[in-house]
Each structure stands twice: as structure tokens, then as C-alpha cells.
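> This structure is in C-alpha cells; I'll ask about it shortly.
The values are calculated or read from the model by the stated rules, or taken from the named source; none is laboratory data. Values in this document were obtained by computation on a predicted structure and should not be read as measured data. We place every Cβ from the backbone using ideal geometry, glycine too, and count neighbours over all the protein chains shown. Surface accessibility is based on the protein's heavy atoms, side chains included, excluding ligands, DNA and RNA. Shrake-Rupley method; radii C 1.70, N 1.55, O 1.52, S 1.80 Å.
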Amino acid sequence: MFSSFKLMTPIVWLTRLLVGAYPHWQGCAPSPRQRIYFANHTSHLDTIVIWASLPPELRRHVHPVAAKDYWSRGAIRRRIAINELRCVLIDRRRADHANPLDPLRDML
């Protein structure tokens, strides 16, 4: 337990403390295989809770997809999205002929 505590980043520690987000894997174990995790999106914490539930070695390879207009607004949200979670931000306001999913395709 102590060694896993040392691997927790401040955002993981805070999420687990405030929300009680501790993983309970049923039917499968964490794996480095390519997967898509999704949330029912009842709050903006869903992304952070799922990310914080992953083992540290998997978090390094996970890139949540999030709305650019929400997560780039304000210094704290932007820092969490870009520096902590390394999100792929999607611009939901379509400009000209730009495909809003191009950043996601580039990451994959």
C-alpha cells in the first residue's frame, strides 16, 4: 500500500480522498491492451475519477477525450486537462470544413 501511495500524483490522491474513487475491477483486470473507457457523464469529475482509478503504469498511456470549450476555460481546468490528464481536447464548435475529431485521430 505504501509504495502505491508514493506513486499517486496530487490529483489522484485528492480524487481518491474527496470522491472515494478506488478501483474495483470485475470481469477483467487492468491491462496495457488498447481499450476505450467511458463514463455516463453525470459530472465533470467522471473523467478524473476514471483516470485516477487506473494503475500508474496505464495512466501514462491514457489520453482522455474532453470538450475544449470546457477544459481550456480557466487556468486550473486547463492545467488539469493538459498537464495532469494529457487530454485530447475536441473543439465542439465546427469551423469551416475542419473535422473536430482530427485531434483524436492524430492521437490514435
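> Check LEU45: other-chain or 5+ apart residues with amide H under 5 Å from its amide H, H built from backbone geometry?
Excluding prolines and chain starts, which carry no amide H, there are no hits.
> What spacing in nm lies between the two simple spin-label points modelled at ARG93 and CYS28, each 7 Å away from Cα in the Cβ direction?
3.7
> Relative contact order for the chain using alpha-carbon pairs under 8 Å, separation at least 6, rounded to a whole percent?
Relative CO of the chain lands at 20 percent.
> Where the accessible area of the chain is counted over protein heavy atoms with a 1.4 Å probe, how much of it, in %, is carbon and sulfur? Write out the running numbers ahead of the final one.
On the way: 4780 of 8120 Å².
With neighbouring chains kept in place, the figure for the chain is 59 percent.
> Taking the highest mean first, how do the peptides 80-93, 56-69, 24-37 order by number of other beta carbon atoms within 10 angstrom per residue?
Per-residue Cβ counts within 10 Å, averaged per peptide and sorted highest first, yield 80-93, 56-69, 24-37.
> Would you work out the charge dipole size for the chain about its Cα centre, treating the Cβ of every Lys and Arg as +1 and the Cβ of every Asp and Glu as -1, and quote it to the nearest 20 debye?
The dipole magnitude comes to about 140 debye.
> Follow-up question, since we're still on this one. If the only charges are +1 at each Lys and Arg Cβ and -1 at each Asp and Glu Cβ, what is the size of the charge dipole of region 32-75 around the Cα centre, to the nearest 20 debye? Walk me through the intermediate numbers first.
Details: 6 positive and 3 negative charges, 30 e Å.
Its charge dipole is roughly 140 debye.
> If I fit a long axis through the Cα atoms of helix 10-19 and take the longest principal axis of the Cα atoms of the chain, what angle between them do I get, 0 to 90°, rounded to 10?
Once rounded, one gets 80 degrees.
> How much accessible area per residue does region 8-108 have, in Å², with a 1.4 Å probe?
72
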